[in-house]
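Scroll down for the structure; my scribbles are underneath it.
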Amino acid sequence: MPNRIENQVLENATVPMIPSISCESRARLPADVRARLEALESAESALRHEVDRLSIFQQLAYRDDLTGLYNRRHFDERLAQEWSRSNRFDEALTLLLIDLDGFKLVNDLAGHATGDEVLRFVAKHMLASCRRFDIACRLGGDEFAFILPGTTAVGARALIARISTELARATERPALPAGIGIGLSFGISERCEASSSSDLFERADAGMYVIKRQHKSEQAPPSGVCSMLPGGVYAA
């Protein structure tokens, strides 16, 4: 896997282009110049291959294998970067955390293959609901995070609404046994109320678990929360 220095290099990597020289022009070059040119072309080819190889490794290092979303490593790095950037320019930054209610029961009763299918399904529609510059991540298990640059809590709630709509419109859903349902608990925190990127995360995490405890004590999810009802039907 590429290390941090290699990652920084890749972010700004450009391979210099050696001008194309026709066969006739090449033949007129002195032998020593021709040899140096061929050596440069060979080095250029090797460098391009190495950049491509490291780019692939970088993608693998930052992507969640199951869902294709960014993973926890990328989340930690980008949250720190976006925190610094939003403070520097005094711009809004909001963190949205989402946890799936009832997911353990899916794994226990329907099996891990069905659980994986649910995660892929939910992640697909979460990603489709995001803006181009939102950063969607799977932190692990059934917990997801969205770093939302230039966004307030109002925008984060709008994203929840879009996710709800996406799930409600989905025509192909995982088949769950009768009596098993999935709900979403979420927590939102804004830069303006946090003292650090760690505090931003802790505030969103605490808010998410307040809602999760509420869901456990209620027969039905509160209004506005997207849930998968028994039988695999999504509704808001």
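I'd like to know if region 100-120 contains one or more residues that are among the polar types (S, T, N, Q) and either farther than 16 Å from S195 by Cα or not in a helix (DSSP H, G or I) (or both).
Checked against the condition, which is being among the polar types (S, T, N, Q) and either farther than 16 Å from S195 by Cα or not in a helix (DSSP H, G or I) (or both), region 100-120 yields at least one hit.
Show the residue pairs that are 6+ apart or on different chains and have beta-carbon atoms under 9 Å apart, the first residue being within region 154-166 and touching a residue at least 24 places away in the same chain (Cβ under 8 Å), the second being assigned to a helix (DSSP H, G or I) and surrounded by fewer than 17 Cβ atoms within 10 Å (Cβ to Cβ).
R162/A128; I163/A128; E166/K124; E166/A128
Of everything in region 91-121, what is modelled with pLDDT under 95 and either β-branched (V, I, T) or not assigned by TED's automatic domain parsing to the domain that holds A170 (or both)? Give them in sequence order.
Within region 91-121, V106, T114, V118 meet the criteria.
Is it the case, given these coordinates, that P16 is loosely packed, with under 11 Cβ neighbours inside 10 Å, at pLDDT 65 or above and farther than 23 Å from R138 by Cα?
no
Report, by residue number, each residue of region 163-193 that is modelled with pLDDT of 95 or more and surrounded by fewer than 19 Cβ atoms within 10 Å (Cβ to Cβ).
Hits for region 163-193 are C192, E193.
If a residue has to be in a loop (DSSP other than H, G, I, E, B) and basic (K, R) to count, how many in region 179-209 make the cut?
Residues meeting the conditions: 0.
Does I163 satisfy being in a helix (DSSP H, G or I) and over 17 Å from S197 (Cα atoms)?
Taking the combined requirement at face value, the residue satisfies it.
Which residues, taken from region 62-106, are surrounded by fewer than 18 Cβ atoms within 10 Å (Cβ to Cβ) and touching a Ser or Thr at 6+ places or on another chain (Cβ under 7 Å)?
The answer is A80, A92.
The values are calculated or read from the model by the stated rules, or taken from the named source; none is laboratory data. Every value quoted in this text rests on a predicted model; they were computed, and no experiment measured them. Heads up, the Cβs are rebuilt from the backbone with ideal geometry, glycines too, and the neighbour counts pull from every protein chain shown.
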